[in-house]
Amino acid sequence: MRQLVSSGSHLEEPIGFSRACRVGNVISVSGTAPINNGETVFVGDVYGQTRYCLELSIQAIGEAGGKPSDITRTRIMLTDISHWEQAAKAHGELFSEIKPACTFVEVSRFIDPQWLVETEVDCVMGQS
């Protein structure tokens, strides 16, 4: 069984992606940027953008039938790693009890220069 969760983005079709993809009990959430209705949110705010992206991912996991406690791995990509503590604060608020494997990494840039962070989340259902 393959289940796709849409973000509603007009870019899904030309790029060929979904917000999340579930195959069996595994859900993978695409790189999630701080976008709402085509506009960047929390401009200049690493904490706000990180929290927003992770909340979007949790919502997509729910739409695919999973729950936050099923999350096994997160990836936090930042354009300036010196701001990792702001991103870590948002991550900790959402995942301090779940404690998934987590990676913080610096990247050179994203599609939109206003994006300071992008996240990815994976989960395995039925393990919690």
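The values are calculated or read from the model by the stated rules, or taken from the named source; none is laboratory data. The shown structure was predicted, so the numbers you read here are calculated from the model rather than taken from an experiment. Virtual Cβ from ideal backbone geometry, glycine too; neighbours counted across all protein chains shown.
For segment 55-93, a residue qualifies if it is in contact (Cβ under 8 Å) with a residue 40 or more places away in the chain and charged (D, E, K, R), and the qualifying residues are E63, K67, D70, R73, R75, K89, E93. Looking across A90, A60, one residue alone is surrounded by 16 or more Cβ atoms within 10 Å (Cβ to Cβ), in contact with a Ser or Thr (Cβ under 8 Å, 6 or more places away or on another chain), farther than 30 Å from R2 by Cβ and at pLDDT 95 or above. It is A90. Considering (1) modelled with pLDDT of 95 or more; (2) not in a helix (DSSP H, G or I); (3) not β-branched (V, I, T), the lone condition that L54 does not fulfil carries the number (2). One residue alone among R73, R51 is of a type in the set (D, E, K, R), buried (at least 17 other Cβ atoms within 10 Å of the Cβ) and over 20 Å from S6 (Cβ atoms), and that residue is R51. Looking only at residues in segment 1-51 that are part of a loop (DSSP other than H, G, I, E, B) and within 15 Å of P113 (Cα to Cα), the one that is nearest to the chain's Cα centre (by Cα) is A33. Checking every residue in segment 97-107 against the condition of being among the hydroxyl-bearing types (S, T, Y), touching a strand residue (DSSP E or B) at 6+ places or on another chain (Cβ under 7 Å), at pLDDT 95 or above and surrounded by 20 or more Cβ atoms within 10 Å (Cβ to Cβ) gives zero matches.
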